[in-house]
1. Among the listed residues 242, 220, 279, which satisfies the condition of being in contact with a His (Cβ under 6 Å, 6 or more places away or on another chain), touching a residue at least 24 places away in the same chain (Cβ under 8 Å), surrounded by 13 or more Cβ atoms within 10 Å (Cβ to Cβ) and not acidic (Asp, Glu)?
2. Go through the residues of region 86-93 one by one and say whether even a single one is outside the structural domain of residue 272 (by TED's automatic domain parsing), touching a Gly at 6+ places or on another chain (Cβ under 8 Å), over 22 Å from residue 32 (Cα atoms) and part of a strand (DSSP E or B).
3. Tell me, please, whether a residue that is in contact with a strand residue (DSSP E or B) (Cβ under 7 Å, 6 or more places away or on another chain) and farther than 14 Å from residue 197 by Cβ can be found in region 129-140.
4. Restricting attention to region 90-100, and to residues there that are in contact with a Phe, Trp or Tyr (Cβ under 9 Å, 6 or more places away or on another chain) and not hydroxyl-bearing (Ser, Thr, Tyr), which single residue is surrounded by the most Cβ atoms within 10 Å (Cβ to Cβ)?
5. Within region 122-164, restricting attention to residues that are of a type in the set (S, T, N, Q) and in a helix (DSSP H, G or I), which residue is farthest from residue 176 (Cα to Cα)?
6. Against the condition modelled with pLDDT under 95 and either touching a Ser or Thr at 6+ places or on another chain (Cβ under 6 Å) or not in a loop (DSSP other than H, G, I, E, B) (or both), how does residue 275 come out, does it pass?
Amino acid sequence: MPLSRIQFLAGLLVIGLAVGCKAQTPPPGAPDPVMSRHIEVMIRSQFSVPQDYDVILGARKPSQIAGFDTLPVTFSHGTNHSAKEFLISTDGKTLARLEKFDLVNDPIFSINVAGRPIRGNPAAKVTVINFDDLECGYCARLHQELFPATLNHYGDKVRFIYKDYPLSEIHPWAMHAAVDANCLADQSSDVYWVYVDYLHSHGGEVSGDNRDMSRSFATLDRIARQEATLGRLDSVKLDACLAKQDQSAVQASTQEAQSLGVESTPQVFVNGERFDGALPQEQVWMVIDRALRAAGVEVPSAQAPFAVSGR
């Protein structure tokens, strides 16, 4: 289903409709039959309305837009229906769809990153937030584009933050991996990133040939302990966290992702601008460059990447 169709139909409300066979009289103010047909065809075409949906036009009403009336349109499918408001010019020649967007309180501008490990400059004006699944192949591909090339290119101009969104239905060890990663993050951001790097390049090692989940979980814990030892973390504290497998923080991140309309991974927000999937590096950089310019930060040249120290 095309994205525009999904977005347009996402708000359908489920309520009962009266059932019966009777002639319908157009309500007062409804367009004439020829005009009604033109409007219906236009709406079906522009919004990819499924063939099994009915499109019912209501009565025109005055609007707050000069030269236009409000035209309510109801989309019906079985026992589901939803009303949307369109605009139609008073001369009947133009149909428009007006949507209002909250420029201040939209949640894409206030994603909760408190306490999350940061890669890059913590004080950078541009933040790249990635909703990540540690078992996702596309996430691994994007991760390898971001690190080290993108990080080195932007240096202290950008900070990178990962949020958890394990798709457990199709990635059975992703939740366990996210919990283990957060156990490491509780003690060290650097070790967290080392663990994430490793999993995004060694997913096959975790999955194994037989897809034995008990073996996969044991492998995730073993890798976490190994990185903790190298990073000189508190092993007793880590073991307790690994054993507990508290999913609450991961679930909170997942719920936030869903509230933002995230349906797949990876999904990235760059100072609010969203893109999904493992885009080619040049397209990722275009998005970051736009955010830098908007923040009044000079965009680095492709010929002069920054050197970033640390793991």
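The values are calculated or read from the model by the stated rules, or taken from the named source; none is laboratory data. What you are looking at is a predicted structure, and each value in this text was computed from that prediction instead of being measured. Virtual Cβ from ideal backbone geometry, glycine too; neighbours counted across all protein chains shown.
1. On the way: 242 fails: in contact with a His (Cβ under 6 Å, 6 or more places away or on another chain); 279 fails: in contact with a His (Cβ under 6 Å, 6 or more places away or on another chain).
220 is the lone residue from the list that is in contact with a His (Cβ under 6 Å, 6 or more places away or on another chain), touching a residue at least 24 places away in the same chain (Cβ under 8 Å), surrounded by 13 or more Cβ atoms within 10 Å (Cβ to Cβ) and not acidic (Asp, Glu).
2. no
3. Taking region 129-140 first, the residues in contact with a strand residue (DSSP E or B) (Cβ under 7 Å, 6 or more places away or on another chain) are 129-132, 139.
Adding the requirement that they be farther than 14 Å from residue 197 by Cβ leaves 129, 131.
Yes, region 129-140 contains at least one residue that is in contact with a strand residue (DSSP E or B) (Cβ under 7 Å, 6 or more places away or on another chain) and farther than 14 Å from residue 197 by Cβ.
4. Initially, region 90-100 is screened for residues in contact with a Phe, Trp or Tyr (Cβ under 9 Å, 6 or more places away or on another chain), giving 90, 94-98.
Of the ones still in play, those that are also not hydroxyl-bearing (Ser, Thr, Tyr) are 95-98.
Values: 95: 18, 96: 12, 97: 14, 98: 12.
The qualifying residue surrounded by the most Cβ atoms within 10 Å (Cβ to Cβ) is 95.
5. Residue satisfying both the conditions and the ranking: 152.
6. Criteria met by residue 275.
Residue-by-condition table, conditions (1) of a type outside the set (A, V, I, L, M); (2) touching a residue at least 60 places away in the same chain (Cβ under 8 Å); (3) buried (at least 19 other Cβ atoms within 10 Å of the Cβ); (4) touching a Pro at 6+ places or on another chain (Cβ under 7 Å):
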{"site": "79", "(1), (2), (3), (4)": "yes, yes, no, no"}
{"site": "86", "(1), (2), (3), (4)": "yes, no, yes, no"}
{"site": "102", "(1), (2), (3), (4)": "yes, no, no, no"}
{"site": "105", "(1), (2), (3), (4)": "yes, no, no, no"}
{"site": "120", "(1), (2), (3), (4)": "yes, yes, yes, no"}
{"site": "146", "(1), (2), (3), (4)": "no, yes, yes, no"}
{"site": "149", "(1), (2), (3), (4)": "no, yes, no, no"}
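The rows are residues; the columns are (1) buried (at least 24 other Cβ atoms within 10 Å of the Cβ); (2) more than 22 Å from the chain's Cα centre (by Cα); (3) outside the structural domain of residue 259 (by TED's automatic domain parsing).
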{"residue": "126", "(1), (2), (3)": "no, no, no"}
{"residue": "133", "(1), (2), (3)": "yes, no, no"}
{"residue": "157", "(1), (2), (3)": "no, yes, no"}
{"residue": "162", "(1), (2), (3)": "yes, no, no"}
{"residue": "183", "(1), (2), (3)": "yes, yes, no"}
